[in-house]
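Peer 1: I have a structure I would like to understand better, so I am pasting it below and will then ask my questions one at a time.
The values are calculated or read from the model by the stated rules, or taken from the named source; none is laboratory data. Everything quoted here is computed from the prediction, not taken from an experiment. Here the Cβ positions follow ideal geometry from the backbone for every residue, glycine too, while neighbour counts run over all protein chains shown. Just the protein is used for accessible areas: all its heavy atoms, side chains included, with ligands, DNA and RNA removed. Shrake-Rupley method; radii C 1.70, N 1.55, O 1.52, S 1.80 Å.
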Amino acid sequence: MRSRYLTSNYLFIRLLLLLVSLACPATGSAALQGKADSTLHAQYLCRQAFYYSWKHADSSKQYALRARELSDRLSWAPGKAAAWYALGYYYELCHNNYVAFRYYLDALQLCEKKGLTATAGELYGHLAVYYSRQQRPAAAGHYLHKAMTTAARGLPDTLQAVILMDYATVLLHHSARPDSVKWALETARSLLSHSRDTPRLLQLSLLGIQLRLQQRDTAGALSRLPAFIQTAAGQGYNYPAIKGYQLMADIHPADAVSCYARMIQLAQAGSYTELIQPYAIRMYDWYTQHGHPDTAAQYSHLLFDILQKKEAAKSNGEMDYLGYYTQQHNLRQLQLQDALQQAVIGKQQQQSRNRVYLGIIIALLLLVTIFAGIYFFRARFRARKNAAQLCAMNREINEKNKLLLSQDDFKNKLVSVIAHDFRAPLGNIIEISAFLKQEVLTPEEAVEWMADIERKTHHTLSTFDNILAWVHSQISGFTWHPRPCRPAALLPDAIRYAGNMIAARQVQVQLQVPAQLAVSADPEMLQFIHRNLLHNAVRFSPIQGRLLITATQQAHTVTVSFSDEGPGIPQTLLPHLFTGMKSFRGKQQGAGLALIICHDFIEKMGGSLHAANKPDGGAIFSYTLPLNHNPS
């Protein structure tokens, strides 16, 4: 809105200057001198935009926007092309390739239209590098040929050196023709021998180091990297310093963590956060794997900020690009209107010069005021509407994400429950059926095994009904009503559930739970916890081991413990047993998701689940639930 308002005022000022210049030629000459001074200022802003592109990305963008605004007001084509080029380079650094490519093409078309050979040659070289990074060698070769052809027409030494460095960069990307790369770098170095253009000299040094790495001269590259990084970082050139640390990390993977940390610091200082997203991910993974959750959390927050900034930069860049060209269209319309007004003024000057001048000034002021007011209110209305729509879309997305997470968590829990409660009985039924099929049993044994199959089938069906009830409660929304449950009455059924496994391992199960103790819980959820803890304890118990189930009462709680004589829980996994990592004891793997479900059930019933190793060997799992003071 501010840019359009300034444009309207600028047209009005131009009209006033034209009227005054007709009456006073000296004043018109002063206006022309002011325009020349503004052109020099626009040129200075463009240079600053390119200068800060390797120091501070956001500052480079601000200078480029100011240069574009001033060049538009002056209708100065070289300034427009340079400002668009600088904006394209900024958005390429922000990984917004679509907007960057549009700015590059617009700048190139303007240069070709206006005959700006120097800027066009530099754009040809940069587009060749751009297409090379996009893995489009045909387009890269086309623009590289045009850049070299333009350089041969007698461009300044600095621009020739820039095009030669782009030529070397393209060849380095394809790991081909090292002799040509070496020739290009040596020629560019000779052209820049008397130059004080620090960014170009740093780019030349970086390309020389990359050439040595391509030629497998790691020692030579490594000997130059520290000095290069120190020079770049010492003079505030954050972008080349980041590239230097990236090469250092590739050469010395052992120092990669410190290099990545320094890269992230430089990127934050220079607003290049989009460049270091993969390295922030690596730092997060490294600190997570090495047991530094606090530091890993910091990098997790950094990744979240990077993603937010990328999305904001992408949307803002596209809106800026579209808004700018909409503004240009409106500006052209205003210019046509201004030309018509000038024609009307010229015709009316013969009749009544002073009256026509006064009427035109009043009319223009009124038009500008009405236009500014209408645009202001329309822009404010659109902004409010877009903000409301964006908030509604964000709320809808957040709700859908929460629903997806909830459904995924429910699916995992359901799979784990079914695996734990059906695998063992169904496996036993299959084994018994196989024996019956082989007809190696006596009729009495077959009758006994058929009875065993019937009992297990009824037990499995009962378990299936319980799981269906639990699934229905989860789908319809979790609600539960605490009821008095006696662990001493529930545990024998869980022991019978694991009877075959207990018999196979000859484990001695000792139940020492007072019959009068009662807790407030959901029977089916509590029985799932009993079966799972008992299954794990028997599984990790040694042959002919002893499994002890005890219960203790506190003031308002009851704690039931399952103690085995197995190998115990590794210390590295003990803190994460109920948080999502896969748990195992010794060389056997357990069902970590089932323990997470147990932990979830206990918390929903107002209790807690604990795991620890015994001093004399073995593990002990225990849960604590509120005491039911009135079990009847």
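Peer 1: Ignoring ligands, DNA and RNA, what percent of the 1.4 Å accessible area of the stretch 145-282 is carbon and sulfur?
Peer 2: Roughly 50 percent of what the probe reaches on the stretch 145-282 is carbon or sulfur.
Peer 1: Taking only the alpha-carbon positions of the stretch 118-195 and ignoring solvent, what does the Debye formula give for the base-10 log of I(q)/I(0) at q = 0.12, 0.18, 0.22, 0.24 Å⁻¹?
Peer 2: Those come out to -0.28, -0.64, -0.93, -1.07, one per q.
Peer 1: Show me 264-275, 488-499, 392-403 ranked by packing, highest mean number of other Cβ atoms within 10 Å first. Kindly include the intermediate steps, with their values, before the conclusion.
Peer 2: On the way: 264-275: 20.5, 488-499: 17.4, 392-403: 10.0.
Ranking the peptides 264-275, 488-499, 392-403 by packing returns 264-275, 488-499, 392-403.
Peer 1: How high is the relative contact order of the stretch 130-233? Use alpha-carbon pairs under 8 Å, at least six apart in sequence, and give a whole percent.
Peer 2: Working: 82 pairs, mean separation 22.1, N = 104.
In percent, rounded to a whole number, it is 21.
Peer 1: Can you list the residues, at least 5 places off or on another chain, whose amide H is less than 5 Å from the amide H of residue 558, using H built in the peptide plane?
Peer 2: 625, 627
Peer 1: Starting with the highest mean, order 346-356, 141-151 by the number of other Cβ atoms within 10 Å, averaged over the residues of each peptide.
Peer 2: Working: 346-356: 11.3, 141-151: 18.9.
My ranking of the peptides, most packed first, is 141-151, 346-356.
Peer 1: Could you give the length gained by full extension between residue 77 and residue 197, i.e. 0.36 nm per residue of separation minus their alpha carbon distance, to one decimal place? List each step's numbers first, then the result.
Peer 2: On the way: separation 120, 0.36 × 120 = 43.20 nm, distance 2.48 nm.
Contour length minus the Cα-Cα distance gives 40.7 nm.
Peer 1: Cβ neighbours within 10 Å, averaged per peptide: list 234-240, 85-91 in order, most packed at the top.
Peer 2: Averaged packing, sorted descending, gives the order 85-91, 234-240.
Peer 1: Please report Rg (one decimal) and Dmax (integer) in Å for the Cα set of the stretch 92-162.
Peer 2: Expressed in Å, the Cα Rg and Dmax of the stretch 92-162 come to 12.0, 34.
Peer 1: When each pair of different Cα atoms in the stretch 493-585 is counted once in the 1/r mean, what is the Kirkwood radius in angstroms, to one decimal?
Peer 2: 14.6 Å
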